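Asker: Encoded as structure tokens, here's the structure I'll be asking about.
Derivation of every value follows stated rules applied to the coordinates shown; laboratory data play no part. This is a predicted model, so every value here is computed, not measured. All Cβ positions, glycine included, derive from the backbone under ideal geometry; neighbour counts span all protein chains shown.
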Amino acid sequence: MKRYENGMYLIGGKTLCATAEEAKAAYGAEVDEQKAAQGTIAWSILNKHNTAPSMENLQIRFDKLTSHDITYVGIIQTARASGLEKFPMPYVLTNCHNSLCAVGGTINEDDHMFGLTSAKRYGGVYVPPHQAVIHQYAREMLARCSDMILGSDSHTRYGALGTMAMGEGGPELVKQLLNKTYDIKMPEIVGIYLTGEVRKGVGPQDVALALIGGTFKDGFVNNRVLEFVGPGVEKLSADFRIGVDVMTTETTCLSSIWQTDEAIREFYAIHGREGDYAELKPADVAYYDRMIEIDLSEIRPMIAMPFHPSNAFTIEEVNRNLADILHEVEEAAKVSLGADTTFTLSDKIRNGGLYVDQGIVAGCAGGGFENLCAVADILKGRSIGCDEFSMSVYPASTPIYMDLARKGKLADIIAAGAIVKTAFCGPCFGAGDTPANGDLSIRHSTRNFPNREGSKLQQGQIASVALMDARSISATAINGGRLTSAEDLDVEYSAEHYFFDSSIYEKRVFDSHGKADSSVEVRFGPNIKDWPAMAPLPENLLIKVVSRIEDPVTTTDELIPSGETSSYRSNPLGLAEFTLSRKDPDYVGEAKRVQQAQKALQAGEDPVAALPELAPVWEKIREACDGVTWENTGIGSTIFAVKPGDGSAREQAASCQKVLGGWANIAHEYATKRYRSNLMNWGMLPLLVDKGSIPVEKGDYVLIPDVRAAIAGEKVAFDGIVIRGDEVKKVSFSTGAMTDTEREILLKGCLINYYRG
């Protein structure tokens with residue numbers, strides 16, 4: 001992999017040039033960088049969907065929206081509270097996360113009935129549980145070349161099919177439902193120039209992990225759009241491209257797009273939608289802000305060790321340096337899990353090999369037709385054994401399941417001892433196939449963050465996940481669980497032609513075809529609760545630092561755990577009880593204690609009586625600041641984290657803090673645009689401090705005087721003071737650039753208040 005940071009020209013879709021002079025020579029005429037920047041596929045799609053007068057600050061209207069059963073209740077509830085009458089565009093509600101209906105009594109199916117009746121009332125599409133995971137349904141039924149789709153799931157990526165798709169927190173979908181826009185600065189475009197052809201046994205997850213490993217740690221593609229071009233693209237099947245594309249989320253890029261060709265035209269034809277295909281390719285002269293060159297023939301079977309997809313090695317390298325690499329993982333884990341947590345992988349070494357306990361091929365990344373055919377080809381006539389090692393596969397949709405069954409592929413998988421299950425995202429976020437304490441699971445899924453396999457550190461339970469491609473997982477399965485590269489196998493992979501049968505969707509999916517029926521009453525279960533009232537931003541803000549996280553990166557899974565908590569995502573107060581529960585168990589109690597002072601203020605009572613520790617703090621404030629009174633000051637909590645927000649798009653990572661009285665996050669940087677947006681949409685300040693130091697400690701109080709005037713006055717930098725015992729010191733904050741709408745949302749206190757006026 002070669003990286004070019006200073007921009008590159010692509011001439012005729014095949015020739016890379018580092019300078020205008022080189023480009024001129026290759027093109028045979030003068031080239032202009034600004035005009036060439038408009039020659040990318042990404043620029044043309046963004047331009048098509050931009051409603052702003054220029055391309056500098058985009059105001060995007062999407063063509064379609066997608067959500068699943070962890071997110072759509074909150075989105076629709078927020079939109080309803082803001083005046084929703086009809087979905088203004090196709091909106092698909094899938095049910096692939098809380099599908100098991102196994103936690104919390106009736107609340108999962110209650111959410112599903114909320115979704116079905118909402119689709120009827122407002123004119124949407126409802127996909128029942130076990131029919132399809134959200135992204136496979138979108139690929140099969142929604143994608144269209146040159147379209148844009150916004151989804152409330154971070155892996156909303158359909159670039160391989162010529163659709164620019166983005167995953168965001170729910171409030172961004174609310175804006176689209178209320179005919180507002182998605183506002184961002186024009187992102188930089190990074191070309192991913194592919195050459196060569198993959199080796200036998202190498203799959204899409206291998207290419208994806210190599211890309212993630214080469215870009216995540218230094219943020220090389222952070223919040224940029226990846227555009228896949230070059231002669232290597234045509235060497236990849238549609239399914240292979242899809243498998244790479246969905247994993248681009250783990251690079252922290254904003255979105256992705258690929259050049260299209262006959263393979264993609266065939267994909268649309270197979271799905272009965274050939275009219276949705278169009279050839280997409282860069283102009284004869286295209287300029288990319290950055291470039292990554294990947295020779296596909298150099299990619300080897302990969303493994304991403306716990307606890308991040310970027311912790312990537314070749315399987316060959318791991319097997320060659322097993323003890324050293326496992327020790328490195330154990331040492332690094334102490335940062336995320338805590339030094340007191342007992343976590344080991346070294347005990348998995350037996351007879352010179354690494355033995356794993358479980359293999360999973362699932363979801364939007366692993367459950368595609370081509371992947372599962374490869375699994376069947378490897379497992380056919382073999383056995384996964386009758387000891388600890390187990391294996392499950394989850395086809396990504398019922399049509400895929402049906403065709404695999406017709407072709408005998410499921411029989412080959414089952415006969416080997418593996419279990420075939422229905423379309424479900426559970427293994428990706430800790431709600432399915434939870435391994436035993438101390439076990440190591442290898443998965444062709446999207447993430448291997450801490451806790452995504454069901455661990456509960458406070459109860460002494462810890463397991464871990466490594467990411468691999470379905471082919472090497474299957475090779476490991478037939479080798480008794482010993483880590484094995486698919487390149488070590490002599491297997492003939494079948495070239496099965498996929499037949500998409502849409503009849504099951506026609507029989508089971510409710511499609512309003514855009515027709516709303518206001519006579520339908522939305523059905524509410526007892527766990528579906530409205531959002532509590534949220535106050536506008538006060539003139540002055542006093543916040544207590546109730547948690548300080550010094551990990552290099554903090555994921556949304558650590559801010560609000562996944563797995564069993566997902567059942568409570570329709571209940572803001574119930575879900576908030578889990579906030580930071582696996583990272584800082586004291587957080588909820590401390591945040592609620594501080595919140596009592598704000599509640600006292602709002603009731604016209606003495607906040608010091610509610611929170612006596614405020615008395616000496618208030619004395620220091622009165623000495624340091626003129627004009628600050630309880631009447632013009634708000635009280636709340638904040639957390640410090642070095643780089644929060646990697647991973648899931650779930651808005652609850654921010655909204656749960658807000659429900660508990662949070663007013664801000666303090667950070668060196670924000671891992672993703674979507675988490676920063678979630679903070680602002682829930683009325684929380686995305687504060688930044690210099691990377692050279694951490695100016696706050698847990699227990700500090702921070703006063704930001706005149707904060708409302710600063711936000712209203714479009715300031716991006718302002719001062720506050722830190723009160724730590726008898727010490728008072730100045731601290732400087734910045735917020736980064738904000739749009740007019742984002743500032744207004746902060747002033748109103750949250751997006752709901754903004755739309756209520």
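Asker: Expressed in nm to one decimal, what extension gain is obtained for the pair Asn179 and Ile414 from 0.36 nm per residue of sequence separation less their Cα-Cα distance?
Answerer: Additional length available on full extension: 79.8 nm.
Asker: Shifting gears a bit: Can you tell me the relative contact order of segment 324-451? Whole percent, Cα pairs under 8 Å, sequence separation 6 or more.
Answerer: 31 percent
Asker: Compute the distance in nm between two label points, each set 7 Å from the Cα along the Cα-to-Cβ direction, one at Ser693 and one at Glu317.
Answerer: 3.8 nm
Asker: Testing the spin-label approximation: label points 7 Å from Cα along Cα→Cβ at Glu669 and Glu21. State their distance in nm.
Answerer: With each label placed 7 Å out from Cα toward Cβ, I get 3.3 nm.
Asker: Related question: Loop-only check: which GluC sites (Glu not before Pro) in segment 419-501 are DSSP coil with at most 12 other Cβ within 10 angstrom?
Answerer: Glu492
Asker: Taking a point 7 angstrom from the Cα of Gln461 along the C-beta vector, which residues in segment 393-431 have backbone N less than 15 Å away?
Answerer: 427, 429-431
Asker: Quote the FRET efficiency, to the nearest 0.05, computed for Lys2 versus Glu33 with a Förster distance R0 of 25 Å and r equal to the Cβ-Cβ distance.
Answerer: So the FRET efficiency works out to roughly 0.75.
Asker: If I take every Cα pair under 8 Å that is 6 or more residues apart in the chain, average their sequence separation and divide by the length, what percent do I get for the relative contact order?
Answerer: Rounded, it is 14 percent for the chain.
Asker: Continuing with this model, one more query. Figure the gain on full extension for Asp551 and Asn47 (residue separation times 0.36 nm, minus the Cα-Cα span) and round it to one decimal in nm.
Answerer: Stretched out fully, the Asp551 to Asn47 stretch lengthens by 177.6 nm.
Asker: Rounded to the nearest 0.05, what FRET efficiency do Glu521 and Lys14 have when you use their Cβ-Cβ distance and R0 = 45 Å?
Answerer: 0.15
Asker: Using 0.36 nm per residue, how much length does the chain from Asp340 to Ser503 gain when fully extended, once their Cα-Cα distance is taken away?
Answerer: Taking 0.36 nm per residue and subtracting the Cα distance, the gain is 53.3 nm.
Asker: Another question about this same structure. Just to be sure I understand: if I project the alpha-carbon convex hull of segment 540-756 onto a plane and average over all orientations, what area do I get in nm²?
Answerer: Convex hull of Cα atoms, orientation-averaged projection: 11.4 nm².
Asker: Let me ask something additional. Under the rule a/c < 1.5 gives rounded, and otherwise a/b versus b/c splits prolate from oblate, where does segment 481-608 land using the Cα gyration tensor?
Answerer: It comes out oblate by the Cα gyration axes.
Asker: Do any trypsin sites (Lys or Arg not before Pro) in segment 478-568 lie in a DSSP loop with no more than 14 other beta carbon atoms within 10 Å, and if so, which?
Answerer: Within segment 478-568, the qualifying trypsin sites (Lys or Arg not before Pro) (loop, at most 14 other Cβ atoms within 10 Å) are Lys515.
Asker: Another one. Taking 7 Å along the Cα-to-C-beta vector as the label spot, tell me the Arg406-Glu631 distance in nanometres, rounded to one decimal.
Answerer: Once both label points are built, they end up 7.6 nm from each other.
Asker: Right, something else. Report the calculated FRET efficiency for Ala278 and Lys217 (r = Cβ-Cβ distance, R0 = 41 Å), to the nearest 0.05.
Answerer: The computed FRET efficiency comes out at 0.70.
Asker: Between segment 427-454 and segment 685-721, what is the C-alpha centre distance in whole Å?
Answerer: Distance between centres, Cα-based: 38 Å.
Asker: Using each residue's phi in segment 647-662, evaluate 6.51 cos²θ - 1.76 cosθ + 1.60 at θ = phi - 60° and report the 3J(HN,Hα) Karplus result to the nearest Hz, with x for Gly and Pro.
Answerer: Result, rounded to whole Hz: x, 4, 7, 4, 5, 5, 4, 9, 5, 5, 5, 4, 4, 8, x, x.
Asker: Let me ask something additional. Given only helices, namely DSSP H runs of n ≥ 4 each adding -39500 (n - 2.57), what is the per-residue ellipticity at 222 nm of the chain, to the nearest 500 deg cm²/dmol?
Answerer: -8500 deg cm²/dmol
Asker: With a ≥ b ≥ c the root eigenvalues of the C-alpha gyration tensor of segment 332-431, is it rounded (a/c under 1.5), prolate (a/b larger than b/c) or oblate?
Answerer: Judged from the Cα gyration tensor, segment 332-431 comes out oblate (a/c at least 1.5, b/c at or above a/b).
Asker: Quote the convex hull volume per residue of the chain, based on C-alpha atoms, as a whole number of Å³.
Answerer: Value for the chain: 158 Å³ per residue.
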